[in-house]
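Please treat every number below as a calculation from the coordinates, not as lab data. Values in this document were obtained by computation on a predicted structure and should not be read as measured data. For neighbour counting, all protein chains shown are included, and Cβ atoms are generated from backbone atoms with ideal geometry for every residue, glycine included.
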Amino acid sequence: MTGTTVPPPLPQEPTATPVGWSDASAAVERGRCPACGGSLAFDAAVGALRCGSCRATLDVTHGADERVDEHDYERWRARHPQYAVASVPGQPLACEGCGATTQTTDIAGACRFCGGNLVATTLPEGVIVPEAVLPFGVDSRTARENVTTWVRSRWFAPSALKKVGDTESIRGTYVPHWTFDARTTSDYVGQRGDHYTEKQGDQEVRRTRWRHAAGRVRRDFDDLLVPASRALPRNRLDKLGPWTLKAAQPYRHEYLVGHSAPRYDVDPQDAHAQAKQRMDAQIRDDVEHDIGGDEQRVHSISTTYADVMFKLVLLPVWLATFMYAGKQWQVMVNANTGEVVGERPWSVPKIVAAVLVGILLVVLAVWFFGRNQQ
């Protein structure tokens, strides 16, 4: 569990408090270099903001009182039983580069007219503010190299796919996730089955001796992750882990400069239901382990959930796309660890050739064995 317990930013309470920048200048607040006016972006290679023009760097600093806090879920739920972020409109973001205004629910992105940085320094009332951000730890160059290695190592991939490399597009985004903590106590009733054998004529038959089992198991869950955005496939996001969540920093929007960051569209109550399902599955495993024996039957589990806490954290991902056979394919890179997950095309000719070679080897083996038997 992280930080301390504080009341969460609630939909009925203002959540539009601007978060300060490490440099007080208005230029930095607009994502502009105070030295030359060029665009700033958070650079994982140096762990700081870097100017794309003069290459100057600006550290992201935190005040002594800044920390990552978690919020009491039951208290929040009691106050907002009908909460839905979909009912909260987007906000206008003005580009300081060209002056264009973009209406969006994203909290960071790029101007569609000039490509300048757009970062929301305030959020609409009713939107829960991120408590933490895990900064980019893998830069774009390393991410490209990892994608190239991943693509070229795929079995039965089309030969043309091996040419995918630095020319492919890649962009950084922060994917919102909910984390949940809970202390659980579970009472269970079931049966323990122990195997034994008995003789039936000349054969040994395995039997199971069942006996009553009951008990209590406890488990604490810490930072159980649930994706808070439906924009990316859930199964791939799950495979991107694990994440070094202990390295997460208190949220400051400097980290978002130069990257995109969608607003969450999975409400806390929906995420809590998903987290509870995963907790229940783990608790059932704990119960079966506690029962022991060779087989287990679980008749009932009654679980008490205490100290349920939650927070919103932004996790860094590089999204790489490439075109093949008229279709766009996407690969994701964990910008914290470098792990690569994605979709890929298959080469039907290579698969057919491999099957034919396998059949030929079997035929040759049978022929060789038969010849030696003569």
Highest mean first, what order results for 203-215, 81-93 on Cβ atoms within 10 Å? 81-93, 203-215
Could you pull out every residue, at least 5 positions away or on a different chain, whose amide H is within less than 5 Å of the one on Asp223? Hs are placed 1.01 Å off N in the peptide plane, and Pro or chain starts have none. Phe180, Asp181
Per q in 0.13, 0.20, 0.28 1/Å, what log10 I(q)/I(0) does a Debye calculation on the alpha-carbon atoms of region 181-251 return? -0.73, -0.96, -1.22
What does the net charge come to around Gln191 if you take all other residues with beta carbon closer than 15 Å to its beta carbon, with K and R at +1 and D and E at -1? +1
Per residue of region 62-70, in order, report the coupling 6.51 cos²θ - 1.76 cosθ + 1.60 (Karplus, θ = phi - 60°) as ³J(HN,Hα) in whole Hz, putting x for Gly and Pro. 10, x, 4, 8, 7, 7, 8, 9, 10
Give the aspartates and glutamates whose C-alpha is closer than 16 Å to that of Lys311, dropping any in the same chain fewer than 8 places away, or say none. Glu66, Asp69, Glu70, Asp72, Glu74, Glu131, Asp181, Asp222, Asp223, Asp265, Asp267, Asp270
Placing one equal point scatterer on each C-alpha of region 60-343 and summing with Debye, one gets log10 I(q)/I(0) at q = 0.07, 0.11, 0.13 Å⁻¹ equal to -0.39, -0.79, -0.98
Rounded to a whole number, what is D in µm²/s for region 209-353 from Stokes-Einstein with the Kirkwood radius over alpha-carbon pairs (4 °C, 1.567 mPa s)? 67
Considering amide H positions built from the backbone, and no H for Pro or chain starts, which residues 5 or more places from Val133, or on another chain, come under 5 Å of its amide H? Gln249, Tyr251, Leu314
